[in-house]
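Taking it in order: structure first as structure tokens, then the write-up.
The values are calculated or read from the model by the stated rules, or taken from the named source; none is laboratory data. It should be emphasised that the depicted structure is a prediction, and the values quoted were computed from it without experimental measurement. For neighbour counting, all protein chains shown are included, and Cβ atoms are generated from backbone atoms with ideal geometry for every residue, glycine included.
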Amino acid sequence: MLRIAVVEDDPQCAAQLQEMISRYASENALEQETVMFRDGLEIANEYRPVWDLIFLDIEMPHLDGMRTAEMIREKDPAVVLIFVTNMARYAVKGYEVDAMDFLVKPVSYGPFSLKLRKAVNLAKSRESRFLLVNQDGQSLRIPTDRIQYVEVINHRLHVHTEDEDYTLRGSLQDIEKQVEGLPFARCSVSFLVNLRNVTAVTKETVYMKGCELPIGRTRKKEFLERFFSYMGGSFR
Amino acid sequence: MTDTIRFLLSLAGFPVELFAAAVLFGFPLEKRDHSAFRLLTGFAALLFLYPGAFYLLSTIFPPIRSNFLLTSLLYSFLGYLSLLWFVMFWRNISFPEGVQLATNAYLMQHLAYCLYTAIRIDSVLRRGSFEDPLYPAVWTFVYAALFFSIGKRLPEQGHYDSKAGAVAASSFFALAYSLVLSAVSQKASAESPVLTRVCLLYGAGVCFNLLWSQWEEKRRLTVSQELDLQQELFRKYKEQYEMSAENVELINRKCHDLKHQIAALRHISDEEKRTAQIRELERSVMIYDSVVKTGNEVLDTILTEKSLICEDKQIQLSCVADGAALSFLDAVDVYTIFGNALDNAIESVSLLADPDMRSISVLVTKKGGMVMIQTENYFREDTAQLESPISDNSPHSNKTSPEVTFPSKRQSVNDLPRTTKTAEPGYHGFGLKSIRYTAEKYGGFLNVEAENGIFLLRVVIPEESAKS
């Protein structure tokens, strides 16, 4: 279920956005819930990080889109932001608040659906899930955000997080099924890496906090493509 | 004892000569992992397994031994196969490249052999004899000369060019012919040393010709590419001039309109109407006051310039950029990448029938020590024809503007979308090639994905690299 917020003071534009979201949702079998806000102040005041995606109008009377975004980012680094604006020139500052893109008014469905598609994938990739695993008979829930990589040695899995390592039974394929949609990719046959926690990448090595892994020759092209796809966003 | 050693050494001569030739010609080609290990293993295999295999075969099939011609040809052919195996094992190249490399190496060895044997035709001192100073002299001379003049310069960035297949095939057959000639003439050496000498020198000439013509062909290709580039640059300058002229025209028209709007203002007495008109005027001006600030001045300039064009063509251009991330790039390179990427995107979306679909997004971001530049836009799938990577039929186009075709699957770094031949012979998809060349200059790459009507262009450059 995708939770979307639309922050727009112009009622006509707001209605239009809501209608386009519904249209996209029905065309793409997307489950979503949209909540409307009339001004930046309404959402930024006592902001709760419950949204996956927020459409933010830039030109609003009380608290404009840019300042709203700054306030939201203080509390929520993960929510996907798309600005809606009359004018081109504000767009580039979007980088400072980690906006994904922006839409120019009057918004038409073509670019809207293109950007929404990328936003949906991006939101999904930022999902926080729990890995359900079995360690010596005990059921464990490991938050995926904390995982740096999963290694398989002799049919045993080693899940490495920043604080702890877990040793369990299972196959890398099982883990891959559980993290489907999340940015995990194999850098070699026995290592599954969480791209979110990658700090640096070279042609030979992938670096994370406190550790590094070699990139296997056969997986190199695919792994790097996955990494850059994650970085730039994808439409797939 | 010394006789046995001498005999063994004489047997070892040929594999070592082949090996040395392959190493020289294969030296500039792309490495594989554990290159040194592969080199040593290859050497051992050539030295022991190859003669061993020949010995085995000749034992199993006695007729081989009795027929000199057959022996010679089989020995040569097995040698070639071993060479082919070695180069594929040692270097990271495709099969046609391997054939070309193996053939070239053998050609070089055979040239040296023909020369040496032609000189020494009537002497008792023959192959593999270290007592003869001419032996190392001839080989060193031939190998050094051919390596420096041809072998070193033939490959480009670790690979032979894409026509390797055709070259390989024709060279191979010519080599085979030359070997047969040598073998046959050897048989007649006792009766007619002069004739044999002539045949050997002829063989040497053929080998040399084959190697030299590959080099000539490559030079010709380079010149032709440079000419294409010149033509392309000229075309670009012409285009830019026309664009500048268009821009000036646009601005002139806008000023003209504004003049009238201001004049009309004078005559509006109603306060509310006047305020509305003033606001309208403000809006018009602000759209042309598109001062873009990304943190990189060159990017600002390009975006401002392109946004004017986009507005004229009803294209929505959006950009989220960390301009500072581009600071280590040369200004010209920034212009090349973004200029070409945006031109390409603008051209694509202009062809879309529905103006609502005309939107281009530009993203510049930095993560993990990598700087990424990405553009996204819709494109029309029937004009940019999708073809499966397996088929090699040229797609046709009935448009007069330059067309780019997109394969139906994702393509990456070395596979750029191919350009169909159009009414304008000079334009052959140089835009994307320029981007790729620029990205690779900094140790980065260009990736292009074209699927489901969405075109995604991605340039990745490692952060700390200085221009190579």
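With respect to (1) surrounded by fewer than 16 Cβ atoms within 10 Å (Cβ to Cβ); (2) in contact (Cβ under 8 Å) with a residue 24 or more places away in the chain, the lone exception for residue B:173 is condition (2).
Please work out if residue B:317 is within 7 Å of chain A (Cβ to nearest Cβ), hydrophobic (A, V, I, L, M, F, W, C), crowded, with 24+ Cβ neighbours inside 10 Å and in contact (Cβ under 8 Å) with a residue 40 or more places away in the chain.
Yes: the conditions hold for residue B:317.
Yes or no: residue B:334 assigned to a helix (DSSP H, G or I), more than 9 Å from chain A (Cβ to nearest Cβ), in contact with a Leu (Cβ under 6 Å, 6 or more places away or on another chain) and surrounded by 17 or more Cβ atoms within 10 Å (Cβ to Cβ)? So residue B:334 passes the test. Every condition in (1) at pLDDT 85 or above; (2) away from chain A (no Cβ under 14 Å); (3) not in a helix (DSSP H, G or I) is met by residue B:397 except one, and the failing one is (1).
The rows are residues; the columns are (1) farther than 15 Å from residue A:79 by Cα; (2) of a type in the set (Val, Ile, Thr).
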residue	(1), (2)
A:4	no, yes
A:12	yes, no
A:26	yes, no
A:31	yes, no
A:38	yes, no
A:46	yes, no
A:53	no, no
A:61	yes, no
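If you go through the range A:170-185 and pick out every residue that is in a helix (DSSP H, G or I) and over 16 Å from residue A:125 (Cα atoms), you end up with 3. Grab the strands (runs of 3 or more DSSP E) fully contained in the range A:187-236, keeping just those with 2 or more residues being away from chain B (no Cβ under 12 Å). So the answer is A:191-194, A:211-214.
Picking from residues in the range B:349-365 that are facing chain A (nearest Cβ under 9 Å) and not aliphatic (A, V, I, L, M), the one that is surrounded by the fewest Cβ atoms within 10 Å (Cβ to Cβ) is B:354. Does residue A:169 satisfy being of a type in the set (Lys, Arg) and either over 30 Å from residue A:101 (Cβ atoms) or facing chain B (nearest Cβ under 8 Å) (or both)? Taking the combined requirement at face value, the residue satisfies it. Residue B:296 falls short on exactly one of the conditions (1) modelled with pLDDT under 90; (2) facing chain A (nearest Cβ under 7 Å), and that condition is (2).
Here is a yes/no grid of residues against (1) within 14 Å of chain A (Cβ to nearest Cβ); (2) more than 18 Å from residue B:138 (Cα to Cα); (3) hydroxyl-bearing (Ser, Thr, Tyr); (4) in a helix (DSSP H, G or I):
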residue: B:12; (1), (2), (3), (4): no, no, no, yes
residue: B:15; (1), (2), (3), (4): no, no, no, yes
residue: B:28; (1), (2), (3), (4): no, yes, no, no
residue: B:33; (1), (2), (3), (4): yes, yes, no, no
residue: B:36; (1), (2), (3), (4): no, yes, no, yes
residue: B:55; (1), (2), (3), (4): no, yes, yes, yes
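In a helix (DSSP H, G or I) and not hydroxyl-bearing (Ser, Thr, Tyr): does that describe residue A:163? Spelling it out, it is not the case that residue A:163 is in a helix (DSSP H, G or I) and not hydroxyl-bearing (Ser, Thr, Tyr).
This table checks each residue for (1) over 27 Å from residue B:433 (Cβ atoms); (2) at the interface with chain A (Cβ under 10 Å from one of its Cβ atoms); (3) surrounded by 15 or more Cβ atoms within 10 Å (Cβ to Cβ).
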site: B:285; (1), (2), (3): yes, no, no
site: B:310; (1), (2), (3): no, yes, yes
site: B:323; (1), (2), (3): no, yes, yes
site: B:329; (1), (2), (3): no, no, yes
site: B:345; (1), (2), (3): no, no, yes
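Of the strands (runs of 3 or more DSSP E) lying entirely inside the range A:61-141, those containing at least 3 residues that are away from chain B (no Cβ under 14 Å) and out of contact with any Asp or Glu (no Cβ under 6 Å at 6 or more places or on another chain) are A:130-135.
Taking the range B:184-214 as the range and being in contact (Cβ under 8 Å) with a residue 40 or more places away in the chain and surrounded by fewer than 18 Cβ atoms within 10 Å (Cβ to Cβ) as the test, the residues that pass are B:184, B:186, B:187, B:189, B:193, B:201, B:212. Being assigned to a loop (DSSP other than H, G, I, E, B), of a type in the set (D, E, K, R), crowded, with 21+ Cβ neighbours inside 10 Å and more than 14 Å from chain B (Cβ to nearest Cβ), is that true of even one residue in the range A:3-18? Checked the range A:3-18: at least one residue is assigned to a loop (DSSP other than H, G, I, E, B), of a type in the set (D, E, K, R), crowded, with 21+ Cβ neighbours inside 10 Å and more than 14 Å from chain B (Cβ to nearest Cβ). On inspection, residue B:303 fails the criterion of being away from every other protein chain (no Cβ under 12 Å) and either farther than 17 Å from residue B:292 by Cβ or crowded, with 19+ Cβ neighbours inside 10 Å (or both).
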